[in-house]
Amino acid sequence: MELISVIIPCYNEEGSAPLFYERAAKLADGSEDVRYEFIFVDDGSTDRTAEILRELSRKDERVRYISFSRNFGKEAAMYAGFRAARGDYAVSADADLQHPPELIGEMYRAIKEEGWDCVAARRTDRSGEPVLKRFFSAAFYKIINSVSETKLVSGACDFRLMSRKMLDAVLELSERNRFSKGIFDWVGFRTKWISFENVKRAAGTSKWSFRKLLSYSMEGILSFSTALLAVPLFAGALMLAAWLALLVVYLCGGAPDSSAWLAALLVGGINLVCIGIVGAYVSKGYREIKSRPLYIVRETDEDLKKEDGNR
Ligand code: UDP
Ligand code: MG
């Protein structure tokens, strides 16, 4: 029977973790077509989360856990869980039950019956969220989708069931500054989107402050786009064009007092263009440093033979 690894990042979730386990265990007990393992990642919690996870893992062998030495952030927690996953499929779900575990069964069936590589959930509405948060979130998706080659879906979250192939591809992108939403899109594969309704946190409070969210958004834009590095080049080119136009007017006898402007535009334009050239090299180096794979394979004849052999 196939195995699904459920990864649950937990940061101070002493209230939610037991509730999550209850719901998830019910799902696993009632499942006839697939087995589950639950990998809780304690992201340096300072409350009783770690003890709770130890107890759960003692009494249920499907529960595994990883406890960090300090808080490293949700991205690090998910990565650790994905690396530890032994399943044929893997999914990351929030401990606060905002990602209903029952959906995992539905995702699995969609993959098996309809042949997807990944089934991802997106929130249908953001009701219940503060207006300001909604506004900034909408602005973020506008900006990142216009400057980056990866396309992000608004409302998408990290709640998605992936095949082992896709998971391995995600792990192959071992960059230090991780922005999973972008990585999931970058690796490709056939993804089905399903909607689910926003639910309130089961217990505890949100671990995301406005400042954390803002820096997370910047992370996304900087990790998936080097467009900002080209800004000086464009600005410099504009300045040089203005310089040229003014020079023509000046030489024809118009604008006789514009010599200071001419000097400023020329020097400023050359400066910016030079910075832009440096930026172009930096952006090349940046891509090289990330050392992402050149390509990712979805299927080969080997897979076909294996599949036919299983029939
Ligand atoms: N989380 C984590 N490390 C952190 C912050 C959050 O592992 O530094 C976990 C948290 O325990 C939860 C999930 O990430 O399971 C989502 O966090 P939260 O519910 O606070 O975010 P929100 O739903 O408010 O966006
Ligand atoms: Mg939450």
> At a Förster distance of 51 Å, what's the computed FRET efficiency of R311 paired with R201, Cβ-Cβ distance as r, to 0.05?
Replying inline: 0.70
> Where the Cα atoms of segment 83-205 are projected onto their three principal axes, how long is each span, largest first, in whole Å?
Replying inline: 39, 34, 28
> Any idea what angle helix 49-59 forms with the longest principal axis of the chain, computed on alpha-carbon atoms, 0 to 90 degrees, nearest 10?
Replying inline: 40 degrees
> How much length is gained if the chain between C252 and A227 is pulled fully straight, taking 0.36 nm per residue apart and subtracting their Cα-Cα distance, in nm to one decimal?
Replying inline: 5.2 nm
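Report, in deg cm²/dmol and to the nearest 500, the calculated mean residue ellipticity at 222 nm for the chain, where each DSSP H run with n ≥ 4 adds -39500 (n - 2.57) and the sum is divided by the residue count.
-16500 deg cm²/dmol
Using a 1.4 Å probe and counting only protein heavy atoms, arrange D29, D185 so the residue with the most accessible area comes first.
D29, D185
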> Which percent of Cα pairs goes in each bin when the distances of segment 164-225 are cut into 5 angstrom slices starting at zero?
Replying inline: 4, 13, 18, 17, 19, 19, 9, 0
> Mean projection of the alpha-carbon convex hull of segment 1-148 over all orientations, in nm²?
Replying inline: 10.6 nm²
> When only C-alpha pairs under 8 Å and at least 6 residues apart count, what is the relative contact order of the chain, in percent?
Replying inline: 17 percent
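For segment 19-173, what relative contact order do you get, as a whole percent, if you take Cα pairs closer than 8 Å and at least 6 residues apart?
Value for segment 19-173: 25 percent.
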> So how far apart, in nm, are the two label points at S31 and S209 if each is 7 Å from Cα heading toward Cβ?
Replying inline: 3.7 nm
>> If you fit an axis through the alpha-carbon atoms of helix 74-84 and take the longest principal axis of the Cα set of the chain, what angle between them do you get, 0 to 90°, nearest 10?
In response: 50 degrees
> Measuring from label point to label point, each 7 Å out along Cα→Cβ, what is the S259 to C274 span in nm?
Replying inline: 2.4 nm
> So what are the chain's ellipsoid semi-axes, whole angstrom, largest first, if each one is the square root of 5 times an eigenvalue of the alpha-carbon gyration tensor?
Replying inline: 48, 23, 17
> Given 0.36 nm per residue, what is the gain on full extension from S283 to V267 after removing their alpha carbon distance, in nm?
Replying inline: 3.3 nm
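Exceeding 29 Å between C-alpha atoms, which entries from my cross-link table qualify? They are K192/K305; K284/K305; K74/K305; K142/K192. Display every interim value, and only then the final one.
Values: K192/K305 25 Å; K284/K305 40 Å; K74/K305 39 Å; K142/K192 22 Å.
Cα-Cα > 29 Å for K284/K305; K74/K305; rest within.
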> By per-residue mean of other Cβ atoms within 10 Å, what is the highest-first order of 287-293, 236-242?
Replying inline: 236-242, 287-293
>> Please enumerate, by chain and number, the lysines with C-alpha under 17 Å from the C-alpha of K306, excluding those fewer than 8 residues away in the same chain.
In response: K112, K165
> Ranked by accessible surface with a 1.4 Å probe, highest first, in what order do T46, T300, T124 come?
Replying inline: T46, T124, T300
> Label E22 and L171 with points 7 Å out from Cα along Cα→Cβ: what is the distance between them in nm?
Replying inline: 3.3 nm
> Roughly how tilted is helix 102-114, in degrees to the nearest 10 and between 0 and 90, from the longest Cα axis of the chain?
Replying inline: 80 degrees
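Just the C-alpha atoms of segment 223-297: what Rg/Rh do they give, with Rh taken as the Kirkwood radius?
Details: Rg = 18.3 Å, Rh = 14.4 Å.
The Rg/Rh ratio comes out at 1.27.
The values are calculated or read from the model by the stated rules, or taken from the named source; none is laboratory data. Note that this is a predicted model, so its numbers are computed, not measured. All Cβ positions, even for glycine, are placed from backbone atoms using ideal geometry, and neighbour counts span all protein chains on display. The protein model used for the area step is the full one, side chains on, heavy atoms only, and it has no ligands, DNA or RNA in it. Shrake-Rupley method; radii C 1.70, N 1.55, O 1.52, S 1.80 Å.
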